[in-house]
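Participant: Encoded as structure tokens, here's the structure I'll be asking about.
The values are calculated or read from the model by the stated rules, or taken from the named source; none is laboratory data. Keep in mind it's a predicted model, so treat the numbers as computed, not measured. No Cβ is skipped: glycine too gets one built from the backbone with ideal geometry, and neighbour counts run over all protein chains shown. With ligands, DNA and RNA removed, areas are computed over all heavy atoms of the protein, side chains included. Shrake-Rupley method; radii C 1.70, N 1.55, O 1.52, S 1.80 Å.
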Amino acid sequence: MANEDVARLSVVGDVIRGRWRGLLALAVAGAVLGFGASFVLSPGQQATGKVLVQGQRTPDQLLTETQIATSLSVADQVAAALNWGRTGAQLQQVISAAVSDGNVIDISGVADTPADARRLADEAAKQYVAFSAKMTDDAVQAAQAAQTQQRATIQKRIDDLDQQIARAGTDAGGPPAGADANAAGPTAGSAGATDTAGQTPDQLRAARAAAQSQLEEFDRQAAAGSGQTGISTGAVSILEAAQDRGAAAPSPLQLTAGGALVAAVGGLLVMLWARRRTGRVGDPDIIESALGAGVVSTVTVVRPDADATGPTPARHGLAGLLRTLFSDRSRWELDPLPPGRTDDERTRYRRALARLLGEAGRSRHDLLAVVAADDLTAVRAVAEFVVTAQAGLGEVGVVTDSDVVRAQLAAACDGGPAIAVADDDELLPEPTCSRFRIVTVDVDGVRPSVPDTAPVDATVVVTTVGVRSATELSDIAGAVLDAGHVVTGVLLVRPRRAADPETEPEPEPEAAPAPEVAASGNGHTNGVPAVRS
């Protein structure tokens, strides 16, 4: 198997694992449609009777018998006998025949009710037997007529030879040869006496003896053939009356199962087409190649749409139901943490920050973080990254104009030190603090653009695996380069589903809240609010 085939199979498995709920919903919908279609497409009930064909028959001869049983001649007789107001051509469509074991032929009929189906199958078998008997009688009569004609021809030759022998004896003055008293009268088509003209009486007597021997052999073979079980008027007989066979194909069960299968397979093909069309990548090597920088760390973040602190989509109504059924739970998405377990990602963020800044000993750093506006998981990772950076670098200020980033920063700083956030560098009052410039770019159908900023020490692109295509990632790298920066590293984010609230352990009682810390800056006039929940 080629590597491309393995990759395709892995994509199919990924789609099935990620969207099995949607495929199951499509299968149920297809089953309902198939069951509804059975009231229109299902032909009805089926019954089958058995007919025995006597004598030695070859497979081809038995196949011919099945064709006779379903012929229009038989169907016309069935229509006349049943008097259902349907023509023979119409009944021919619901009568079938097939060779069973040995010389047994199954004749089936399909009707609306089991009783009508049995009656149709019985009548079809009866008319087939009658038609076959008539054909057999006609064949026997034709054979007997041919035998009678052949015997009459031989007998006529014997009579002609007797007459020639008699005339030859009279001409020679000898006694006339005796004629056969049991000779049959002349028949049409006899050969006449011209073929024996000029023969001597001895030759004529030898010819008569040969003809007589031929007649006796013919009579012997005819007698032997009449005693054998060959073609006779009883060659076909009904072996078993019609029995119910249930719903005829396609039955409601078959239509229901077929509808479920077609809907599920069709949905899977559409999902595969959509996955191929979007071309989302999750391979770190491909992501590094598209962005032109190495991965500094891979962190895990709970999806914001599954957490109460972030903006949540509608969970009720048709839109919420469709989102639940067809949301893509890809193979890159992690399962919820077991109850009582925690995953400390701060170490990974700290190491990523160290790899980005290198061995620089300066106390103040400027970093640029670029993230897609619609990638909420990556936005949450940026907020967590900033909180970790503040713990390692001291006071940190954030420059961003995105309300989504502000909301995630507020959630990440819950219970911790405040972080100053402004729309512009000039609005941050502490010139010596490290700064994070967080830029959200739009990549949905347009070329992304990074605004002009002051020189930075490092540029990090934050993206969630399995969300962006290689082309979109290349466009982000191109936008960073166009703004005069170079992508220093890539922070990969793996989403994790939130734990079910019913399975989460009871939270411990919270301690008394700490007093509020005054925000730095001069309030809204300078646009420097302190992010604090």
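Participant: Would you mind computing Rg(Cα) / (2.2 N^0.38 Å) for the range 249-292, counting N as its residues? Walk me through the intermediate numbers first.
Facilitator: Values: Rg = 18.7 Å, N = 44, 2.2 N^0.38 = 9.3 Å.
Relative to the rule-of-thumb radius for its length, the range 249-292 sits at 2.01.
Participant: Could you sort Thr453, Thr64 by accessible area so the largest value comes first, with the probe set to 1.4 Å?
Facilitator: Values: Thr453 45, Thr64 65 Å².
The ranking, largest first, comes out as Thr64, Thr453.
Participant: Accessible area per residue for the range 23-101 in Å², computed with a 1.4 Å probe and the full protein assembly in place, what is it?
Facilitator: Counting only protein heavy atoms, the per-residue value for the range 23-101 is 55 Å².
Participant: Return the equivalent ellipsoid semi-axes of the range 1-84 as a descending list in whole Å, where each equals the square root of 5 times an eigenvalue of the C-alpha gyration tensor.
Facilitator: Values: eigenvalues 500, 123, 20 Å².
Semi-axis lengths for the range 1-84 are 50, 25, 10 Å.
Participant: Related question: Suppose we keep just the DSSP beta bridges with both residues in the range 1-150; what percent of those would be antiparallel, to 5?
Facilitator: Details: 13 of 13 bridges.
Here the antiparallel bridges make up roughly 100 percent for the range 1-150.
Participant: A further question follows. When every alpha-carbon pair in the range 20-64 is counted, what percent end up more than 13 Å apart?
Facilitator: Every Cα pair in the range 20-64 considered, those over 13 Å come to 74 percent.
Participant: So, one more: Hey, which lysines would be in cross-link range of Lys126, C-alpha to C-alpha under 26 Å, not counting anything within fewer than 8 residues on its own chain?
Facilitator: Result set, ordered by chain and number: Lys50, Lys134.
Participant: Under the rule of at least 5 residues apart or a separate chain, name every residue whose amide H is placed under 5 Å from the amide H of Ile419.
Facilitator: HN-HN under 5 Å from Ile419: Val531.
Participant: How would you order 139-150, 21-32, 485-496 from highest to lowest mean count of nearby Cβ atoms within 10 Å?
Facilitator: 485-496, 21-32, 139-150
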